[in-house]
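Structure, as structure tokens:
The values are calculated or read from the model by the stated rules, or taken from the named source; none is laboratory data. Please read all numbers here as calculations on a predicted model, not as lab measurements. Heads up, the Cβs are rebuilt from the backbone with ideal geometry, glycines too, and the neighbour counts pull from every protein chain shown. Remember, those area values only see protein heavy atoms, side chains included, never the ligands or the DNA or RNA. Shrake-Rupley method; radii C 1.70, N 1.55, O 1.52, S 1.80 Å.
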Amino acid sequence: MNVPHYWYNINVDLLRPLPPPIDPYEADSRIALLMRILPSELLDQEFTPLRYVPIPEEIRELYERMGRPTPFKRAYGLERVLGNGVRIYYKFEGALPAGSHKLNTAIPQVYYAIKDNAKEVVTETGAGQWGLAVSLAAALLGVKATVFMTRNSYLNKTQRVLFMRTYGADVYPSPSELTKYGREAIKARPDHPGSLGLAITEAIDFTLMGEGRKYIPGSVLGFVVLHQTVIGQEVLQQMPEEPDLVIGCVGGGSNFSGFSFPMIGARLRNEGFEKTRFLAVESKAAPKLTSGRYTYDFPDTGGLLPMVKMLTLGHDYVPPPTHAAGLRYHGAAPSLSMLVKEGVVEARAYGQEEVMEAARLFARTEGIIPAPESAHAIKAAIDEARRMPKGSVIFFNLSGHGLLDVDAYGNTR
Amino acid sequence: MEIRKPGIGAYVTATYPNKNDFLNAIRCLSEVSDFLEVGIPTNNPKYDGPVIRKTHFASELKGLDAVNVAKYGKVPTILMGYVEDYVNNLELVAKVASEAGASSVLFPDLLFEHLDKLEEYVMAMRNHSLRPTFFISSNTPHRLVNVLVRYEPLFIYLGLYAATGIKLPLYIERNIKEVRKLVDNITLIAGFAINTPEMVKLVIGAGADAVVVGTALVDKLANPMACAEFMLSLRGGLP
Ligand SMILES: Cc1ncc(COP(=O)(O)O)c(C=O)c1O
């Protein structure tokens, strides 16, 4: 089994074309701004007509060195406990060194930034999974990483901060003193807890302030989804049988999409997976797929990026705190949003307690402590397995491990 | 009326900046272009970049009243409007277009936002002896493009970038080549941010049959000489 040679671009197989990104009518063009902040190759990938985008050899090698293909395992322990003859398989993205699927796009994004002569990549992070992946990718490829981490997480997820620094990154709590937006926020409220939206704004502003910097985003955009399809491309080779049900959790939608799109694409082209159901699981803290509107909205709270058409709760929606900080996001990737809208993908939201209970069951039966985000997929797999007939087959994506989520497991029963 | 290949078309927004200048501009542009694209001014030019957006907001008249001020047909003329303004009036737009001498009405948002109106749109065009035309982007689903080809449109228009006038670092040559494979021998027109003879050459060389120039023309519209000179210089990029 080899690391795939291609990423899969589902846009060219969708039932409808994706509406293009648009600018708001007032102020400057955000589309024009993209050119200054993002690596150029990523912009090309956002609009590529190719169904299969070749993975550059250097990236394939790094994928391999970091542990791709990741394991595709059968959950024998969990199956035994459920005891009704449903076969459950999972893809384990937590096997990557930064602990989650985020490295799949961090590596190519940093790689393409360097192709544009960047000396530094700048990003934001909430829980720290994305920041950690970017820090590692930057270390591997030899550029500096600067990460704006929401202050609340910065103070609570101290291990991730430590490990980002171990990889050589500069990590700042956001709001910070480095940008005018940060200074204003601190002035208005000295104990500001930070927000992902503000961290994005600071990261973009910081990128524009210096020479040789590129900004890179962690989810939602088309090229992020594209890179994550390395997961599903591997599954196509690893799976011993066709699934009845495919499950993933959704923050911005990149791991669910990366896992499932190669299978959904085959179905859209009438090349298999006819009977497969696809289920996207979100947190009740940010239920855009189940209660959002399908409309043009900003991907970032600050409204610096162009608007995209997606299922959204509104870019100024502030999700309540949850252990699954990576799912606290107001919108979902446009391609995934459209597939939910069209009924190709089903959606469901779970609350925190039931999810953490599923996480503990999984830890005790499979040995892996899952990330609270990924545990949403586990919860759905358990619920569905209980309802499905004997002999049914479930695949889910275990997008990360939870070994650094001390706060989530802190009061384990 | 067929579009001449290879060809160059000029985009203008109807009655921008005023009725008189607009009429002068289309008279002059008809001499130096193979076809015209005339924008129906709207309050919601959502896929247009800042420059063309301004022309919509600043035009003297709005909607179909604005396109009605001229008689077209010296060269093939295509009206361009947003279908969301006319979802329930497709027949009316087709009638106005036909009476004004246009060859088609191009709706850039038809496939993206109102795919359910596809058949109705094609019927409206045919009912008024017009040909359908379609707007696609580089990543429009392949199967949909195959469907469009079967309607035998006057042309398929490929928007090279996300919005008019805003260049992004995309491999447009490759994109045109890929789309060319999908559209068979239907006339393929490309546009958005074309402003030099070199770019005309590259786009035609990659497989487009014709190009449209809009944003780069806007500041020259008031001056017929400058306008004609610019179009002629772009023609230098044609084979
Ligand atoms: C482990 C893990 N899974 C899932 C997600 C959700 O993100 P996405 O839906 O973009 O994959 C995150 C985001 O931080 C995460 O850390």
Considering only residues that are crowded, with 22+ Cβ neighbours inside 10 Å, away from chain A (no Cβ under 14 Å) and of a type outside the set (A, V, I, L, M, F, W, C), which ones fall in segment B:101-131? B:103, B:104, B:121
Do any helices (runs of 4 or more DSSP H) lying entirely in segment A:43-162 carry at least 3 residues that are away from the ligand (no atom under 16 Å from the Cβ) and surrounded by fewer than 24 Cβ atoms within 10 Å (Cβ to Cβ), and which ones are they? A:57-65, A:76-82, A:103-115, A:129-141
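So for segment A:74-97 (the condition being closer than 25 Å to residue B:174 by Cβ and among the hydroxyl-bearing types (Ser, Thr, Tyr)), does at least one residue qualify?
Step one: of segment A:74-97, the residues closer than 25 Å to residue B:174 by Cβ are none.
No, every residue in segment A:74-97 fails to be closer than 25 Å to residue B:174 by Cβ and among the hydroxyl-bearing types (Ser, Thr, Tyr).
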What about residue A:34, is it surrounded by 21 or more Cβ atoms within 10 Å (Cβ to Cβ) and in a loop (DSSP other than H, G, I, E, B)? no
Check on residue B:98, closer than 21 Å to residue B:2 by Cα and open to solvent by 30 Å² or more (accessible area, probe 1.4 Å): yes
Would it be correct to say that residue B:12 is in contact with a helix residue (DSSP H, G or I) (Cβ under 8 Å, 6 or more places away or on another chain), hydrophobic (A, V, I, L, M, F, W, C), outside any helix (DSSP H, G or I) and surrounded by 19 or more Cβ atoms within 10 Å (Cβ to Cβ)? yes
Which ones in segment B:24-59 are within 14 Å of another protein chain (Cβ to nearest Cβ) and assigned to a helix (DSSP H, G or I)? B:50, B:51, B:52, B:53, B:54, B:55, B:56, B:57, B:58
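Is it the case, given these coordinates, that residue A:49 is within 14 Å of chain B (Cβ to nearest Cβ), touching a strand residue (DSSP E or B) at 6+ places or on another chain (Cβ under 7 Å) and more than 28 Å from residue A:244 (Cβ to Cβ)? Give the steps one after another, and end with the answer.
On the way: within 14 Å of chain B (Cβ to nearest Cβ): yes; touching a strand residue (DSSP E or B) at 6+ places or on another chain (Cβ under 7 Å): no; more than 28 Å from residue A:244 (Cβ to Cβ): yes.
No; evaluated as a whole, the condition is false for this residue.
Just name the residue that is farthest from residue B:77 (Cα to Cα) out of those in segment B:132-142 that are in contact with a Ser or Thr (Cβ under 8 Å, 6 or more places away or on another chain) and facing another protein chain (nearest Cβ under 8 Å).
First, pick out the residues of segment B:132-142 that are in contact with a Ser or Thr (Cβ under 8 Å, 6 or more places away or on another chain): B:132-133, B:138-139.
Adding the requirement that they be facing another protein chain (nearest Cβ under 8 Å) leaves B:138-139.
Numbers: B:138: 24, B:139: 27 Å.
The qualifying residue farthest from residue B:77 (Cα to Cα) is B:139.
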How many residues are out of contact with any helix residue (DSSP H, G or I) (no Cβ under 7 Å at 6 or more places or on another chain) and either among the hydroxyl-bearing types (Ser, Thr, Tyr) or modelled with pLDDT under 95 (or both) when one looks only at segment A:36-62? 3
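For segment A:236-303, please list each of the strands (runs of 3 or more DSSP E) lying entirely inside it that holds at least 2 residues being within 14 Å of the ligand (Cβ to nearest atom).
Once the strands (runs of 3 or more DSSP E) in segment A:236-303 are filtered for at least 2 residues that are within 14 Å of the ligand (Cβ to nearest atom), what remains is A:245-249, A:277-283.
For every residue, the table says whether it meets (1) away from the ligand (no atom under 16 Å from the Cβ); (2) farther than 30 Å from residue A:51 by Cβ; (3) in contact with a strand residue (DSSP E or B) (Cβ under 9 Å, 6 or more places away or on another chain).
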site: A:178; (1), (2), (3): yes, yes, yes
site: A:182; (1), (2), (3): yes, yes, yes
site: A:186; (1), (2), (3): yes, yes, no
site: A:191; (1), (2), (3): yes, yes, no
site: A:194; (1), (2), (3): no, yes, yes
site: A:200; (1), (2), (3): no, yes, yes
site: A:208; (1), (2), (3): yes, yes, yes
site: A:216; (1), (2), (3): no, no, yes
